Structures are given as C-alpha cells and as structure tokens.
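J.: Next up is a structure, given as structure tokens.
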Protein chains: 4
Amino acid sequence: MQDLLNEIAEAMAAETERGKVADYIPELAHVDPKQFAISLATVKGERYSAGCATTPFSIQSISKVFTLTIALGKMGDALWSNVGREPSGDPFNSIVQLEHEGGKPRNPFINAGAIAVVDAIMMGHEPKETLAELLSFVRYIADDESICFDHVVAASEMAHRDRNASLAHFMKAFGRLRHDVDKILGTYFHQCAIAMSCEQLAHAGLFLASDGVNQPSNIRVVSPQRARRINSLMMMCGHYDASGEFAFRVGLPGKSGVGGGILAIAPGQGSIAVWSPGLDDYGNSLLGTKALEMFVQRTGWSVFGH
Amino acid sequence: MQDLLNEIAEAMAAETERGKVADYIPELAHVDPKQFAISLATVKGERYSAGCATTPFSIQSISKVFTLTIALGKMGDALWSNVGREPSGDPFNSIVQLEHEGGKPRNPFINAGAIAVVDAIMMGHEPKETLAELLSFVRYIADDESICFDHVVAASEMAHRDRNASLAHFMKAFGRLRHDVDKILGTYFHQCAIAMSCEQLAHAGLFLASDGVNQPSNIRVVSPQRARRINSLMMMCGHYDASGEFAFRVGLPGKSGVGGGILAIAPGQGSIAVWSPGLDDYGNSLLGTKALEMFVQRTGWSVFGH
Amino acid sequence: MQDLLNEIAEAMAAETERGKVADYIPELAHVDPKQFAISLATVKGERYSAGCATTPFSIQSISKVFTLTIALGKMGDALWSNVGREPSGDPFNSIVQLEHEGGKPRNPFINAGAIAVVDAIMMGHEPKETLAELLSFVRYIADDESICFDHVVAASEMAHRDRNASLAHFMKAFGRLRHDVDKILGTYFHQCAIAMSCEQLAHAGLFLASDGVNQPSNIRVVSPQRARRINSLMMMCGHYDASGEFAFRVGLPGKSGVGGGILAIAPGQGSIAVWSPGLDDYGNSLLGTKALEMFVQRTGWSVFGH
Amino acid sequence: MQDLLNEIAEAMAAETERGKVADYIPELAHVDPKQFAISLATVKGERYSAGCATTPFSIQSISKVFTLTIALGKMGDALWSNVGREPSGDPFNSIVQLEHEGGKPRNPFINAGAIAVVDAIMMGHEPKETLAELLSFVRYIADDESICFDHVVAASEMAHRDRNASLAHFMKAFGRLRHDVDKILGTYFHQCAIAMSCEQLAHAGLFLASDGVNQPSNIRVVSPQRARRINSLMMMCGHYDASGEFAFRVGLPGKSGVGGGILAIAPGQGSIAVWSPGLDDYGNSLLGTKALEMFVQRTGWSVFGH
C-alpha cells in the first residue's frame, strides 16, 4: 500500500495541468500550487502517507462533515426540517434554489445548508463556545490536540462574506435561522478555516469507514446507521455540482474543500485524505480527484464494484 | 434469505398506506395497488422470491438502465457529449434545466436524457429495428425469451406524449437529436412499455452486481469499470428528485419506474427487484422503497457500511 | 412631414452598423440588409412614405397584433384565461416561464402566447379556414386585396419548427391547447409569413391610433377601450425582452417582427411602419428602432410627453 | 373635475372588498383600511381632491421615482451600467433574476434596483447627508416644508430587513454596490418611510406630467426627455409583477407603494395621487387602482387613446 501511495504521489508530481488555486481571498490565493499529499488510515489501524502529508491546509468545506456529525448528535432527524438531503443541481452558492423552495437549502453541504447546520448547533450559545465545541470534537476524532483555526483565513472570509451573507439573510427572512446572521457567519468561517494535514484528516474521517467507531481507540462516535447516512450525503452532495462526476470517476463518498483537500471514505476499508491546492472548474481539487481515481482503480475499493 | 423475503412480503401486505398508482394513462391507472413482489438474484447463482414475483408489470423507467448499457456499448464515452451525468435537482420531466444548459439533459435517467439515449442508439435505423435489438438484449440478460413489449401501454403513452414531445423538440432545436421526433418517441415509449416480472428483472440486473458478468452464464456483458459507472449513475440519478432520499434510506444504486418497480444493485452480492404499484409524491414506489430499506437493514448490504 | 421621413430615410441610408439579418431560415437570411422603408398613415387620412415602402417583407410577429384583435373579437376577455398580459422578462421563445406558471404564457406576443391565440381562434376549424379569415381581415384593414401569405417562408418555418413545437406540446400537456399541434403550428407559421409593405402595414394599424376606427373608411374595427388595451399590450410586451428599452427610447406602443419590421402606434396621431432587415441582439430591427426614435424626437408624439 | 373626484371617492367608500393591508411590519399593519383619498394637480395649476387627501401615509416604493430622478441628475446615463430598465417578470423581491444576470437588477423600481439607486446617490456620503438631500428635493417639488420621514416605520423596516439585506449583499458580492450594506439599507428604508398626503404627492409628481417643469413655480426639474423616460419606466415597471395589468386597465405611467398609495402621470394633463391601504395579491392598492381606472375612463386621459 505504501508503494501505491508513493506511486500516486510521483504521478501527481509529474502532472503539468494542476488547476487554479482559489483566489477569492488572498490567504488561499498565495498557497503554493505544487504541493500534493495523500494519507490513508485503515480500519485495521494502519497508516500510510506520501507527499507533504503533515503540512496543514485550510480544510474549508470538508469541515461540513464534522459539523453535520455534531448537529445530528444534538438534534437527530429534527435537523432535516430546515435542511434537505438532495443534490442541488446548482453551484455551491446558488440562491435560486432557496427562492424556489421557501428558503430551505437542498442539503447540508452547499453553503446555505452548512450555514443552517451551524445555526442549528449554536443553540443560543456564543460563537466562541460553539467553536470550542467543534474544535474539541475534531481534535478528539483526529486524536491530535494541535489542530487549530487559522484566524487570518477566517477574518479574510468574513471580510468577503457578501455572497454567504446574502444566503444567510435570505434563509433568515424565511424563518430558517434563529441566531444573528453575523454571529452565524463568524462561526461558519472559523469552522471552514480549520487547518489540518492529510494525516490528521484521514484519521478524523476514519469513524465513517468503520461503522461509526473511531480507530484505533475503538470508541463509538456515531451509530452504524448514522455513519452510513453521512456517507450517503457525501456521495450525493459532497462535490457540489460535480458530485455525479466524482461518483462516476472515483466511486467513493467524498467531501471536497476549496482549499484543495478531499476526504474520501471507503466503507469497511479506510479513510483517505488528499490535498492539492489547484481546483477544477467546479471548485474541486484537480489532482486530488485524479489521485483518488488512481487509488480506487488500483485498490478496487469503489463502492460500486471491484 | 428466503425467510427474510417472506417476512418483508408479509410486512408489506400489512401496510395500509400504499401510495397512489400512476394515473396519467389508463393502462397504469387500472393496476391493482395491493400487489407486491420481491426477487433476489445473487452473484453465486441463488434465486429467492416472495409475493407475486412472476407477474409481469410495466418496467417503465427501469428500462433506461438497459438502453444506457446498449448505448455505452455502441458509442462509449461519446455518449456523454449529448447527455450529462449529474443529478438534476428537478422533477423527471422538467424543461427548465434544458433551457439553461443548451438543451443538454443532465443525466440519462431523466426523461430528456433517456430520449437522447434512444436517439443515440437508433443510428439511422427504424424504430422496429432498434426495438428488436433492445428486446433481444433484455431477453438475453434475463435469460428469458418470453419478455415482450406491452403495445397497449406504448400506444397509450404515445397518445399522451405532449410533455415528452416538448422535451424532444426542445433538444432537437438545439441539435441534440438526429432522428425524427415521433420515431424517437415511439421507440422510447415501447422501451418503457417492456413488461417484466420481478424474477426476470432481478436476473436481468445481475451483471451490474457481478462486475459486468451475467450469472450463472458467466458471460461478460460489460467491463467491470462500465458496471461500476452505471451503478454510480443509478445511485446519483436513479430516483429523480428523490435520489438523495433513496441513497439515505436504502444505500444501494437503484432505478425506479412509474409502474411501481425498482431495480437495486448490491455490488458483489446480488440484484434485487421489487414491485408495488403505489407511488410516493416523487413518483417512486412507496412500498418498494420500504421493502428495500428493510432488506438492506437486515442484510447489511448498503454500499455505505454495514 | 414628408421632409422628415425623407430626412430619416437618408440618415438611415448613411448608417454603417445595420445589425444582423435573421438567419434561422434561409428565406429570411437572403434578404438584402441595405433596405429601409418608413410609412406614416395619420388619423386625418394623410399618407407619407420614404424608402422602399411598397416592397413587401415578412411581417412575422407583427401579425400577432392582428390575430390578437381577431381573438378578442371572437372571445372577448375569455381569451385571458389561457394567456396572460404581463411582460415576460425572458426571451421570446423561453420555456422556463411556462413551466413555472402551469403552461400559461405570459402574454399574447411571446411565441407561446401567440400560439395559444392561434389555437383560440381556430375554434375547431381547419388551418385553411382560419387562415382565410385572417387574410381577409388583414386585407380589409389595409384596404388592399393583394396581400398574401409567403408560402415558401411558411414551409421553411414549419421545417424548422422544433422550438415552437416544444412550446406548443408543453402547453398542450397542461391542457392549454385544444387543436392538433401541427395544425396550430401550420396556421401560426402562415400567419407569421404574411408579406406586407410598410405602406400596407401603416394603413392596417391605423385603427389602433384612431380609437378603433379604420381610416379613411371610418368603419369601426374595435371599441375604443379595446384599441387602448391592444396598444397597452404592444407597449408592455411588443419587443420581447427589450420592451422596456423601446418604451424608454421611442415611447410608443409597438410590435416588432424578426423580418425587420416594426409597427408603432401614436394614439390620436397615426400609425407608423418601418422596415430594415438587420436586427439587434434582442431580435428587433436595429435601424427601424433608430428611425422611430428620430421620428418621435422630431414629432413629439411620445405618449410619455412632448 | 371636482365632481368626478367626489363621485370616485363615494364609489370607493361603497366598496366592500378593500384588499389586505400590508402586515410585514406592525406600523403598516395598523393603518385603518377604510381610508381613501385622491388628488389631482393639473399642468394648468388647478388642484382637486376628495377623501382624506391631507392625511399623510407611508409612500414606500413611490419614493423610488424621486430617488431615480435625483440619481439621473447626478449621474445621467452612467446609472444604467448597474441597473437595467426592463420589466422583471418576477415579484418585487425576487433574487433569482439577480443570480441569472450577474447581480444587475432589472430596473430601478424592484427592490434590488432601488437599493442600487440609493447606493448610486450616496457618493461616499453618510446616510444622514443623503437623506437630507432627498428630503430637501421632495419638499421642493411638493412645495411643502412639512414633509418628513416616519422614523418609527424606518426603524421597523430595518429590524425586518433580511430579505432586502440578502438582495444587497448579493449585489455587493458582484461588485454592484460601493457602500456599506447597512448604511445603504438604513438610507433606503428612510426613503421608503417618507410620509406624504395625496395632495403633497400629486404636487410632487406634477413635473413628470409637465415635460419636466414644476408647476405653478414654472421651474425646470428635469429635461423633457428625462421626464418622458422616467414616465416610461413607471409604465413598464411601476407595479412590479402587475405592471402589464395596470397598463391594461389604467393606461397611465404609475408607481405604487405597499403603503397603499399610487402616483399616476397623465402627460400634458396632470399628476394624480390615490391612496387606499388595502392591497391586491401583487401588493398594489386595490381601490387605488380601481379609482384610477374609473378616473381614466371618465377623463379619457389614457396614453393609449381616448
């Protein structure tokens, strides 16, 4: 397996078409596009990595998997009254769907849905408290106390918040949010600004590959049913408007972030984190997707058959 | 396994809320809503059934899986120049998406996409020839020469073709179709009017669970990669606007038809066909979905974890 | 007044940017873009013309004013149950609005609405009879028995009918049309293929400028209220997606056609027809609009003030 | 003329179906729905009124006519780079159109467009300064120094700003606004909270009926061309999604407000203000529209013919 990861990392290093780094905030725009990392954590407790797998990057939307997990823990199925669970058929930040469907976002992974999930877990608390709880959870499932928010990224996102502020005010106008919009957004942008390495991320996602049980600690994070359901949402909605493409090419539940990371889950096998900052036209890591495609072809871990 | 299917059939027989039978054509409206059937064909060659599993019903949109398979065999990836592979986020017969995206349907399972697939496989031939080829293929993979079109259903669909005619003319206006609209629609409606029983359907779908190899004949129908890809499309787009819901609750690639049938694929395990004519609000079999949910909970065959 | 028209014709002859001739059918694509004509018929019975004002051209959508007049004569306000009277905010052939509003077209001048008006006036008759009635009406209001359909244009439109066929089938799927789609379209394309000169067209439109009374015959065509209402529809919806622009620049009720003609009404003053085949980006005559703008600036005939 | 207004006021007093008072803020919800007023200011300097024509009400969106006039005075046609001039085909607060057209609002009278106009006239100044300028202009054209903002209404609108905040942030995300969103909205809500009586409003609008010259002061407010253009925008877009209906029934340029007022312009004749708080389904004054319809039928002042 280590050989395979090395081989993938070498193949990716040789790629000349690397996509376009996100440039809507300067902090992401300045990341070196040549970087690549891949880490695998297996349900048997093995760990493999290649590339700069200990370099932290901004996990951005991958964090939505973790806040969704927390929200389901707190509210269970009541969450679904304000958030749907269908693919959106629109870009990640579209507001058209919201207007047509009474301010209810299609799923928890488009921006509007993730903002609604943040509102759901705040439960009257201040951003600071909610963020402390979130960070504590991520550190716990990654078994690493060094994980932190990148406050500079969070502040920059807040300064460029107009599109997301528009989504939030729109949902609030329909009574879908209970907290102050700026507090929700402050929390949301910090959540997205969690910095993690591929090693940490693969470890953090392992409970989803292992029927809800963290490894090697063997502590249950969620029920098997909830792990399956989160995986189904990652499969259907994890890559925005290109979720079908990811399912077609990779065949694993996955969640991408605009920082260039992707977390993919092979149920019963392991959790794979990849990172390469250059994005394709849909905002997903170009080489990250290629690497996962190669990985699945070689391991036969697609959920759709060997 | 037989006990499980019996148990499911009994549970479904006891259900009082059975959904609403499709009524847009009289031939479907008159089907007895009390019927239920389930069949399983495993990759090991086992066969199990419960309920009226030898009663033929109109497979309707489930047929789109078979024409897609034929189209990919004829054209390979060239098919994707005129059909996408993303969930649509819209009802099965929406034309809005077509206008916004230059007449290119989102995926091969919404009506517009299926019509484009029919156009692709016609290749200049007459409807009669195309239909002979399709029937021959379905009989082959189901290993049953008795499978037929229900010409009465097909004629009734043709008489009520306006919505689909609108989709077809719209695509043709964008140069997406090469054949005469009425000939394409005549072919399309016959395809949807194939009558099959659950036993036949489970058998016909088995190659998708078995890496592309039909069982027990052991003859390859498609490559393993193509089987995975068709499965991914069934997962992402097989239940129209409620594909996310099916993935969330059942966790298998599946394709539903408005006749009340669903074909679900458990890769590496088997192919499951269910039938109950009553539909939910999204046009998918209400009890068929419930039966599959129960089946997967008991077998642990979800692709998203045990 | 004759001096003004001459001046306008000279100014237009000097223009180098003449727009783009419609090219979706060969018959329109081959029209010489250098042609220009303007005719004025006043309520006092005066006639003025400049340019090639006796050359017939395809009036296309301008004909919708005449069929609307006939339809209101036959059905009165009952027409409005299947056709709205609001600007559409969309291009002339958009189907998006139809899907969102149950197949009811926004107004009688977008294609879908004009098709619904044709269906309304057919009243169970064959296309031939409906067309005879229409031609008879147009000859009557233009006081010219030489006006004819251009059957070559009509046949070519029919051969390229897909977009309009899509609209018609869509409306029929919602029960908005009563006749056979191909018969409705055959009638519709002949209506659009009426060939008239600017002189004929200005005369034909005069009743709308004269409170519903044709001049100089002094025969009432419609009531004063109906004349006002038709004018209001021309103002609000007569130039598709650019109706606001026409109101802003010209300030008269007007109806354009893709053949390059525009009929404009100055209530209480007269009826103006212009023709220049080159179109702007919205499908309206580029120089025709410019000529009308110049005409109104000089005459002070804008309905919005001197 | 006084007899006619009395007659109209009596007819409206006898109406039992009075529409529904706006209830999205308590200050508007508590207005007595039985009130009715009508005032006419003619270009010859005559003044007529009936009903409670000196009672101030919240002019709301009617104010957009005045800020548009100021904006055109400051920027001329440069305004149109960030605001269109076409009817929207959507409700007043729709965000769908904004997403489809790059954040550029269709016209200055839908909410998004009016917010963009406010941003345009702020020119780096504080809300207080902009509002002082606006109030000064309205007092000047109404020749009445007693006109004021209703700060309670403005504060209540600000507290319920989510829908408009969503529109504003959306436009800002596309670079269409230059000022702070909350400052723009604070200004916008004060503008809408101007309280005027029908007498004041009819006087204020008179310059639009009089080729841009205020009466009886005989001082030019705008050029004749600009007066015509503002009138054209009122005609095309002044009643949101029901502008076509108003043109069809009344036939005058007009602008309605959710407070129940309507300002209508009869070019060359006079300016008419009506007020009745009950609204129809589109948010326009039910009896105000009826009263104007009756007024135009009797005076023959429709711009579309006698």
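J.: Quick check on this structure: which one of D:Ser156, D:Ser136 is outside any loop (DSSP other than H, G, I, E, B), small (Gly, Ala, Ser) and within 18 Å of D:Val65 (Cβ to Cβ)?
T.: D:Ser136
J.: In the list D:Leu98, D:Leu134, which residue meets the criterion of being surrounded by fewer than 22 Cβ atoms within 10 Å (Cβ to Cβ), touching a residue at least 60 places away in the same chain (Cβ under 8 Å), in contact with a Phe, Trp or Tyr (Cβ under 9 Å, 6 or more places away or on another chain) and not assigned by TED's automatic domain parsing to the domain that holds D:Asp241? Can you show your working first?
T.: Values: D:Leu98 fails: surrounded by fewer than 22 Cβ atoms within 10 Å (Cβ to Cβ).
Just one listed residue meets the conditions, D:Leu134.
J.: While we're on this one: Is it true that some residue in the range C:217-232 is closer than 29 Å to D:Ala227 by Cα and more than 11 Å from every other protein chain (Cβ to nearest Cβ)?
T.: No, because not a single residue in the range C:217-232 is closer than 29 Å to D:Ala227 by Cα and more than 11 Å from every other protein chain (Cβ to nearest Cβ).
J.: Going through A:Ala204, A:Ala120 one at a time, which residue ends up being more than 14 Å from every other protein chain (Cβ to nearest Cβ), crowded, with 23+ Cβ neighbours inside 10 Å, over 17 Å from the mean Cα position of the chain (by Cα) and hydrophobic (A, V, I, L, M, F, W, C)? Quick ask: steps written out before the conclusion?
T.: Values: A:Ala204 fails: over 17 Å from the mean Cα position of the chain (by Cα).
Result of the check over A:Ala204, A:Ala120: A:Ala120.
J.: Next question. Under the condition of being polar (S, T, N, Q) and assigned to a loop (DSSP other than H, G, I, E, B), which residue from the range A:235-277 is nearest to the other protein chains (Cβ to nearest Cβ)?
T.: Selected residue: A:Gln269.
J.: Tell me which of these B:Asp3 doesn't satisfy, since it passes every other one: (1) of a type in the set (D, E, K, R); (2) over 24 Å from B:Gly268 (Cα atoms); (3) without any contact (Cβ under 8 Å) to a residue 12 or more places away in the chain.
T.: So B:Asp3 meets the others, but not (2).
J.: Now for a different question. Of the numbered conditions (1) in contact with a strand residue (DSSP E or B) (Cβ under 7 Å, 6 or more places away or on another chain); (2) surrounded by fewer than 23 Cβ atoms within 10 Å (Cβ to Cβ), C:Glu245 satisfies every one except a single condition; which is it?
T.: Status for C:Glu245: all satisfied but (1).
J.: Any residue in the range A:216-234 that is surrounded by fewer than 22 Cβ atoms within 10 Å (Cβ to Cβ), in a strand (DSSP E or B), assigned by TED's automatic domain parsing to the domain that holds A:Gly268 and aliphatic (A, V, I, L, M)?
T.: So far as the range A:216-234 goes, no, none of its residues is surrounded by fewer than 22 Cβ atoms within 10 Å (Cβ to Cβ), in a strand (DSSP E or B), assigned by TED's automatic domain parsing to the domain that holds A:Gly268 and aliphatic (A, V, I, L, M).
J.: For B:Gly103, which of the numbered conditions (1) assigned to a helix (DSSP H, G or I); (2) under 28 Å from C:Asp162 (Cα atoms) fails to hold?
T.: For B:Gly103, the exception is condition (1).
J.: What about A:Gly45, is it at pLDDT below 95, on the phi > 0 side of the Ramachandran plot and not assigned by TED's automatic domain parsing to the domain that holds A:Val153?
T.: Yes: the conditions hold for A:Gly45.
J.: Sticking with this one: Scan the range C:58-88 residue by residue and report those that are crowded, with 23+ Cβ neighbours inside 10 Å and at the interface with another protein chain (Cβ under 10 Å from one of its Cβ atoms).
T.: Once the filter is applied, which keeps residues that are crowded, with 23+ Cβ neighbours inside 10 Å and at the interface with another protein chain (Cβ under 10 Å from one of its Cβ atoms), the range C:58-88 yields C:Glu86, C:Pro87, C:Ser88.
J.: Filter the range B:147-172 for residues that are within 7 Å of chain C (Cβ to nearest Cβ) and either crowded, with 21+ Cβ neighbours inside 10 Å or farther than 19 Å from B:Asp119 by Cβ (or both) and give the result.
T.: B:Ala165, B:Ser166, B:His169, B:Phe170, B:Lys172
The values are calculated or read from the model by the stated rules, or taken from the named source; none is laboratory data. If you're wondering where the values come from, they're calculated on a predicted model, not measured in any experiment. Reconstructed Cβ throughout: ideal geometry from the backbone, glycine too, with neighbour counts over all protein chains shown.
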